[in-house]
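The block underneath contains the structure these notes are about, expressed in structure tokens.
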Amino acid sequence: MKAQFHKVPVSMQSSFSIRHDRKPNFGTTWHYHPELELHYVIRGEGVRLVGDNISNFSAGEIILLGANLPHTWRCNEEYFQGNPDLQVEAIVIQFLPECLGRYLLGLPEAYLIPKLFEKAKSGLRISGEAQARLEPLMRAAVQATDLDRIIIFLSILKILSETSEIQAIAAEHHAFKQSNESDVQRINKVCNYTLSNYKKEITLEEVASISNLSVTSFCRYFKLITKKTYYDFLIEIRISQACRLLIEDKLLTEVICFECGFNNVSNFYRHFKKITKVTPLEYKRKYLRSYKELAIAA
């Protein structure tokens, strides 16, 4: 999917960027930048798009994105209603591979860091003990200055490069070159429209009209850019929402089916199994079992 180039602001007095965001939502722009990004969600939930992957995100998630990997964190609709009591919060560290000097990556003691950066090209989700160790370090990094800032950053890189508690997010590497403005606006319109209207039937005529293209041209254009059909994209969005509702465990599976835009249960089950490799019931049991294990361990 074509993405908008984003210039990460870094002051002349800093080697890399650290910020603590508190705002209504994470925005909607699909973008990329040459900096790697370590993203810790403290508050907020919705759908995360990284490369060719569509998944849910929630509080506590820590993600490492490689250079030029397109991404966006698209919050649930309630975060766009102007409720001052409902905000997102995140700590974001953005850095160029050679931000601490090009010789660091060539040191024999630092051989794991270039390997980490290579793995990050597909995006990495950090879990378990590594996640627990990173959280306080990222909070401390926000307030740190001078050498303390560098020491904490190196400690973060050490944990990331040594841990096995990581999972690749995107199926392929999706590094992008700068896109033209019309492509950026067109894809963002389609993406935002889909995320706002996935519950109802969406026709190709509707999204083609939003894109100012004929249906035939839109289908060709969307497949060329995303490597998937618009219908496949829509199904993935609906299944990601179904996963979120299954985890919440408040609605029957049959109700979730129609809540997420599917018009019959058998069709929902077929698509769910195709994308997640398990049935809705197996997915919910697996998550609830993991949740109980984490609660016992805590």
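What span do the alpha-carbon atoms of the range 39-93 cover on each of the three principal axes, reported in whole Å from largest to smallest?
34, 21, 16
Report the trypsin sites (Lys or Arg not before Pro) located in the range 205-285 that are in a DSSP loop and have at most 10 other Cβ atoms inside 10 Å of their Cβ, or state none.
When the trypsin sites (Lys or Arg not before Pro) of the range 205-285 are filtered for loop state and at most 10 Cβ neighbours within 10 Å, Lys250, Lys277 remain.
For the pair Gln167 and Lys228, what calculated FRET efficiency results from E = 1/(1 + (r/R0)^6), where r is the Cβ-Cβ distance and R0 = 22 Å, to the nearest 0.05?
Computed FRET efficiency for Lys228 and Gln167: 0.55.
Leaving out ligands, DNA and RNA, what percent of the accessible area of the range 40-165 is carbon and sulfur, probe 1.4 Å?
51 percent
Given a Förster radius of 45 Å and the C-beta distance between Arg285 and Ser214 as r, what FRET efficiency does 1/(1 + (r/R0)^6) yield to the nearest 0.05?
Values: r = 46 Å, r/R0 = 1.01.
My answer for the efficiency is 0.50.
Tell me, what HN-Hα J-couplings in whole Hz come from the Karplus equation 6.51 cos²θ - 1.76 cosθ + 1.60 at θ = phi - 60° for each residue of the range 193-205, using x for Gly and Pro?
Once θ is set to phi - 60°, the couplings for the range 193-205 become 5, 5, 5, 8, 10, 4, 6, 9, 6, 10, 8, 5, 4 Hz.
When N is the residue count of the range 176-275, what does its C-alpha Rg come to as a fraction of 2.2 N^0.38 Å?
Working it through for the range 176-275, the quotient is 1.18.
Scan around Asn56 for amide H atoms under 5 Å from its own, H built in the peptide plane at 1.01 Å from N, and keep only partners 5 or more places away or cross-chain.
Arg48
What is the chain's relative contact order, in percent, from Cα pairs under 8 angstrom and six or more apart in sequence?
On the way: 478 pairs, mean separation 55.2, N = 298.
Worked out over the chain, it gives 19 percent.
Go through the range 196-298 and name the GluC sites (Glu not before Pro) that are in a DSSP coil and have 16 or fewer other Cβ atoms within 10 Å of their Cβ.
Glu201
Using helices alone, what [θ] at 222 nm do you get for the chain, with -39,500 (n - 2.57) per DSSP H run of 4 or more residues, divided over all residues and rounded to the nearest 500?
Details: 10 runs with 133 residues, N = 298.
Value at 222 nm, helices only, nearest 500: -14000 deg cm²/dmol.
Give me the dipole magnitude in Debye, nearest 20, for the chain about the Cα centre, with unit charges on the beta carbon: positive for Lys and Arg, negative for Asp and Glu.
620 debye
Rounded, prolate or oblate: which one fits the range 74-230, using the alpha carbon gyration tensor with axes a ≥ b ≥ c (rounded when a/c is under 1.5, else prolate when a/b beats b/c, else oblate)?
prolate
Could you identify which residue out of Gln185, Gln94, Gln81 has the top mean-square fluctuation in a GNM of the chain using Cα springs shorter than 10 Å?
Fluctuation is largest for Gln81.
Using θ = phi - 60° and the Karplus relation 6.51 cos²θ - 1.76 cosθ + 1.60, list the HN-Hα couplings for the range 102-110 in order, rounded to whole Hz, with x at every Gly or Pro.
Per-residue couplings from phi come out as 5, 7, 4, 5, x, 5, x, 6, 9 Hz.
Can you pull the one-decimal nm distance between simple spin-label points at Lys274 and Glu89, each 7 Å off the Cα toward Cβ?
Output for this residue pair reads 4.1 nm.
Scan (i) 20.0, 59; (ii) 23.4, 68; (iii) 25.5, 89 for the value of Rg and Dmax of the Cα atoms in Å calculated from this model and give just the label.
(i)
Calculate the dipole size of the range 1-138 relative to its Cα centre from +1 charges on Lys and Arg beta carbons and -1 charges on Asp and Glu beta carbons; express the result in debye to the nearest 20.
About 320 debye.
The values are calculated or read from the model by the stated rules, or taken from the named source; none is laboratory data. All of these numbers come straight from a predicted model, not from anything done at the bench. Here Cβ is always computed from backbone atoms with ideal geometry, including for glycine, and neighbour counts include all displayed protein chains. Calculation scope for accessible area: heavy atoms of the full protein, side chains included, ligands and nucleic acids excluded. Shrake-Rupley method; radii C 1.70, N 1.55, O 1.52, S 1.80 Å.
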